[in-house]
1. Please list the non-local residues whose amide H lies under 5 Å from the amide H of residue 32, H modeled 1.01 Å from N, same-chain partners needing a gap of 5 or more.
2. With θ set to phi - 60°, apply the Karplus curve 6.51 cos²θ - 1.76 cosθ + 1.60 along the range 46-60 and write out the HN-Hα couplings as whole Hz, x wherever there is a Gly or Pro.
3. What are the residues whose amide H is under 5 Å from the amide H of residue 45, where those residues sit 5 or more places off or on another chain and H is modelled from the backbone?
4. Through the Karplus equation 6.51 cos²θ - 1.76 cosθ + 1.60, θ set to phi - 60°, convert the phi angles of the range 69-84 into ³J(HN,Hα) values in whole Hz; use x for Gly and Pro.
5. Provide the descending list of Cα extents for the range 33-76 along its principal axes, expressed in whole angstroms.
Amino acid sequence: MNIGDRIPEILGKDQNGNEIKSADYLDFPLIADTDTTLLQTLGCWGEKVACGRRTIGTLRTTYLVNEEGIIEKIFTPKEIKTKIHAEQILDYIKG
C-alpha cells in the first residue's frame, strides 16, 4: 500500500434507515452496505457507547488492504484516535 492509493469506504444506513449515497465530487469508490451484512462480517457492527449511552451501530474500524487484496493492518476502535487517524495511517504506511 502506498500513499495515494485509492481505497473504498463502506457506508451503511443513517439513523432513519435511509441509504447513504456517495457525492459526485468524491474521487474514490463507496460501498453502501444498507443491510449491514458486510459490516457484520468484518466485525464492524455492534454495541458501542456514544455520548454516554449504549447503542448498536458502526464500530469505527480501518482496514489497510494491499495491491493483492490482502489485509495488511486493522486499526480497531480502541486503536483509532479520531483527531489523528489520518496521521496514524500514514505513519503505518511509511513504516
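1. 11
2. Along the range 46-60, the couplings run x, 6, 8, 10, 10, 6, x, 10, 7, 9, 10, x, 6, 8, 4 Hz.
3. Amide H to amide H, under 5 Å and 5 or more residues apart or across chains, residue 45 pairs with 59.
4. Here the 3J(HN,Hα) series is x, 8, 6, 8, 8, 10, 8, 7, x, 6, 7, 6, 9, 3, 5, 10 Hz.
5. Cα extents, longest axis first: 40, 21, 11 Å.
Since every read-out is calculated from the coordinates, none of them should be taken as a lab result. Since this is a predicted model, take the numbers as computed values, not measurements.
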